[in-house]
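The values are calculated or read from the model by the stated rules, or taken from the named source; none is laboratory data. Remember, it's a predicted structure, so these values are computed and weren't measured experimentally. Cβ coordinates were reconstructed from backbone atoms using ideal geometry, including for glycine residues, and neighbour counts include every protein chain displayed.
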Amino acid sequence: MITITFPDGSSREFEQGVTALDAAAAISPRLKKATLACEVDGERRDAFAPIGADCSLKLLTFEDEGGRWAYRHTASHMLAQAVKRLYPDAKLAIGPAIENGFYYDFDTEHTFSPEDLAAIEKEIEKIEREELAVSRFELPRAEAIAYMEELGEPYKVELIEDLPEDAAISFYKQGEFVDLCAGPHVDNTGRVKNIRLMSAAGAYWRGSEKNKMLQRIYGTAFEKRADLDAYIAAIEEAKKRDHNKLGRELELFTTVDVIGQGLPVLLPKGARIIQLLQRFVEDEEQKRGYLLTKTPFMAKRDLYKISGHWDHYRDGMFIMGDADDEEAEVFALRPMTCPFQFMAYLNRSRSYRDLPLRYNETSTLFRNESSGEMHGLIRLRQFTISEAHLACRPDQVEQEFKGCLDLAQYMLKVLGLDSDVTYQFSKWDENNTEKYIGDKATWESTQNQMRNILDDLGVNYKEADGEAAFYGPKLDIQIRNVHGKEDTLITIQIDFQLAERFGMMYTDADGEKKYPVVLHRTSIGCYERTLALLIEKYAGAFPTWLAPVQVKVMAMTERTLEAAESVAKELENYGLRVERDLRNEKIGFKIREAQLQKIPYMLIIGDKEVEGGVVAVRSRKKGDLGTMPLAEFLRMVNDEILTKALDS
RNA sequence: GCCAAUGUAGCUCAGUUGGUAGAGCAGCGCAUUCGUAAUGCGCAGGUCCAGGGUUCGAGUCCCUGCAUUGGCUCCA
């Protein structure tokens, strides 16, 4: 007999060799039905694996990450099994569970079409109905390789060859299908239901562009049909907020073939929002002691040679002239602002009393991104960023870093994005000497300093290796778009290297010349990207202070045209952004259009209003608000704008 | 850059085996003067992404390029 202890502290005696499923059954049949996998002494295992000794046991259901993972991982095997049945020549690569689903990579001449996915889904359902028992077995390395060679699975052979010499290699089998896999899995294909294949896409073998491109099929699976339906519906709903669609419909931006990829045209309404954001950022930065610079959009390559960008990122720059001709005068559009602002620092000699020196600039940058990288307003070849560089003494780094973070968080809060972001502490990769400059000791100490600051502030962050800038570690504030794809919105970086390269110094109190530490940071990030995220956040219904049109004034009939015009004029004099609808149309039609344009307020001027000296107010969110004197409406809207209210 | 899909009126889309382009909305005109999400009638609107090719004939088939979208890779 063995003793199994459960998470609630209770324990029970079982026969040796009992499975987690048996143990679950001993508690309740319902629990057995829900158990997908388990944790034995904290290690994820198959629920159908025999347990040999005393242990602690946690049963994993679909509610647990581990349970979902096993469920979807088994779904991915069922996908591979179905593909193998329909396309026997397909070679298997990898097929993990991921957040919200799973995928499997295949190498086959056949290109999967949406119709193919439907057929594969049918086959998966068949596999589900076949209720194939899932079993696990292990082979020594040499035998495992021979076995996969025999099955004609070269990718699996490669995977095994990378495992340690002494590893026991595990396989999972369901019916005729066998896959190299660490598990765990659900015990029977009949238990994995509600599988939906989402899309097919290309993906490089082992994630390297040097390798062959395989075909990846993405799918998801839920225990309950209703949850799958809700998930699909949520995706459809999210797509309606897609900035790329909404931003064009609302006439915020457009793209034009002959201008080129990654070069959107911001239409009046989009440009207005960016102007408002920019004013807000620049004013706030002024309050926080930043000094404004305005530096050139291009420079001779010599500048980028000093910064190191010429060596590191020449392919990513727009270069004017023959880059290979060392004699020629070659210019490049700026891909970042750092060296330009450094020149402002170098304008005269600096004292320790001058520090910290904070330069900010609303800076347009140019990066020659690869053709497949561009995406809506998220990833562009030309974009404008709220960029700043702070030169500080070592004893000021902590305070200045905190100041940068405080500014970023203030911006996020005002825009209502604060709860949508995550923090990533991006560190270097000491093995990547091609990308990173500087010595290990300095990297380590700078990273430790950043970590201490973050911990001190209680920032909840995840660490990412090999994501730092080439000159220093970053705090990246990440956000997801409607497709779930994560991008950096804001970044704060500590740079202990470029000051030396540029000969930026200050005379310290002791008379010694020293190099300042430079903080690179954005406060709101790239304006185009921020606009994209705001479109998706608010589904185009921007807070009133940001709305490109704040009030639409509508005349009820021709009798009230003049009255409506005079109301509009008064609102404009007051500084509001106003549009008029003086057309000879029914009021319901005008309201419908204004609602679709997501204009915060509609003022309706009919005979009654003219007579009563009031305006009829309609809110896009709250509907008809009745009539009020114009002055009262102005007070209401003004208050909303001044407080930058988010819930209008 | 790689793997795919898509590209037809301002927008959303239809267009059969290759036979000479259509709808709704928007626009314009006329009528209607209306009370909180679509008034009616009429008119106009197209280098079918671009360039080649096949064919008696190409929106449709083939090739190349460009752009848009979803992934992969990359992102100072």
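From the list A:Leu596, A:Leu561, A:Leu625, exactly one residue is within 11 Å of RNA strand B (Cβ to nearest atom), without any contact (Cβ under 8 Å) to a residue 24 or more places away in the chain and under 36 Å from the mean Cα position of the chain (by Cα). Which is it?
Values: A:Leu561 fails: under 36 Å from the mean Cα position of the chain (by Cα); A:Leu625 fails: under 36 Å from the mean Cα position of the chain (by Cα).
None of the other options fit; the residue is A:Leu596.
Taking the range A:218-256 as the search range and keeping residues that are in contact with a helix residue (DSSP H, G or I) (Cβ under 6 Å, 6 or more places away or on another chain) and among the hydrophobic types (A, V, I, L, M, F, W, C), which one is nearest to A:Leu596 (Cα to Cα)?
The residue in question is A:Leu246.
Which of the residues spanning the range A:149-167 are under 38 Å from the mean Cα position of the chain (by Cα) and surrounded by 12 or more Cβ atoms within 10 Å (Cβ to Cβ)?
Filtering the range A:149-167 down to residues under 38 Å from the mean Cα position of the chain (by Cα) leaves A:153-164, A:167.
Listed by number, the residues that qualify are A:Glu153, A:Pro154, A:Tyr155, A:Lys156, A:Val157, A:Glu158, A:Leu159, A:Ile160, A:Leu163, A:Ala167.
Every residue in the range A:564-584 that is in contact (Cβ under 8 Å) with a residue 60 or more places away in the chain and among the hydroxyl-bearing types (Ser, Thr, Tyr), please.
Selection gives A:Tyr574 alone.
Just one of A:Gly202, A:Gly262 is in contact (Cβ under 8 Å) with a residue 12 or more places away in the chain, within 12 Å of RNA strand B (Cβ to nearest atom) and closer than 22 Å to A:Ala97 by Cβ; which is it? Quick ask: steps written out before the conclusion?
Numbers: A:Gly262 fails: closer than 22 Å to A:Ala97 by Cβ.
It is A:Gly202.
Taking A:Gly438, is it on the phi > 0 side of the Ramachandran plot and either in a helix (DSSP H, G or I) or within 18 Å of the chain's Cα centre (by Cα) (or both)? Please lay out each step first, then the result.
Working: on the phi > 0 side of the Ramachandran plot: yes; either in a helix (DSSP H, G or I) or within 18 Å of the chain's Cα centre (by Cα) (or both): no.
Answer is no for this residue.
Please pick out the residue among A:Glu131, A:Glu123 that is surrounded by 15 or more Cβ atoms within 10 Å (Cβ to Cβ), under 39 Å from the mean Cα position of the chain (by Cα) and either more than 12 Å from RNA strand B (Cβ to nearest atom) or at pLDDT below 95 (or both). Talk me through it step by step, then tell me what you get.
Details: A:Glu131 fails: surrounded by 15 or more Cβ atoms within 10 Å (Cβ to Cβ).
Just one listed residue meets the conditions, A:Glu123.
Taking into account only those residues within the range A:210-247 that are within 21 Å of A:Phe112 (Cβ to Cβ) and charged (D, E, K, R), which is nearest to the chain's Cα centre (by Cα)?
Selected residue: A:Arg216.
Please indicate, with yes or no, whether at least one residue in the range A:475-483 is assigned to a strand (DSSP E or B), touching a strand residue (DSSP E or B) at 6+ places or on another chain (Cβ under 8 Å), touching a residue at least 60 places away in the same chain (Cβ under 8 Å) and within 12 Å of RNA strand B (Cβ to nearest atom). Give the derivation first.
Taking the range A:475-483 and keeping what is assigned to a strand (DSSP E or B), we get A:475-480.
Applying the additional criterion that residues be touching a strand residue (DSSP E or B) at 6+ places or on another chain (Cβ under 8 Å) yields A:475-480.
So of that shortlist, the ones also touching a residue at least 60 places away in the same chain (Cβ under 8 Å) come out as A:475, A:477, A:479-480.
If we keep only those that are within 12 Å of RNA strand B (Cβ to nearest atom) as well, we get A:480.
Yes, the range A:475-483 contains at least one residue that is assigned to a strand (DSSP E or B), touching a strand residue (DSSP E or B) at 6+ places or on another chain (Cβ under 8 Å), touching a residue at least 60 places away in the same chain (Cβ under 8 Å) and within 12 Å of RNA strand B (Cβ to nearest atom).
Every residue, every condition in (1) among the polar types (S, T, N, Q); (2) farther than 30 Å from A:Asp508 by Cα; (3) at pLDDT 95 or above, yes or no:
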residue	(1), (2), (3)
A:Tyr359	no, no, yes
A:Leu415	no, yes, yes
A:Phe425	no, yes, yes
A:Asn431	yes, yes, no
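Tell me whether the range A:374-390 contains one or more residues that are away from RNA strand B (no atom under 16 Å from the Cβ) and touching a helix residue (DSSP H, G or I) at 6+ places or on another chain (Cβ under 8 Å).
Initially, the range A:374-390 is screened for residues away from RNA strand B (no atom under 16 Å from the Cβ), giving none.
Scanning the range A:374-390 turns up no residue that is away from RNA strand B (no atom under 16 Å from the Cβ) and touching a helix residue (DSSP H, G or I) at 6+ places or on another chain (Cβ under 8 Å).
Given (1) closer than 21 Å to A:Leu415 by Cβ; (2) surrounded by fewer than 13 Cβ atoms within 10 Å (Cβ to Cβ); (3) in contact (Cβ under 8 Å) with a residue 24 or more places away in the chain, where does A:Asp607 come up short, assuming only one miss?
(1)
Which of the residues that make up the range A:524-552 are at pLDDT 95 or above and of a type in the set (Ser, Thr, Tyr)?
Passing the criteria: A:Tyr527, A:Thr530, A:Thr544.
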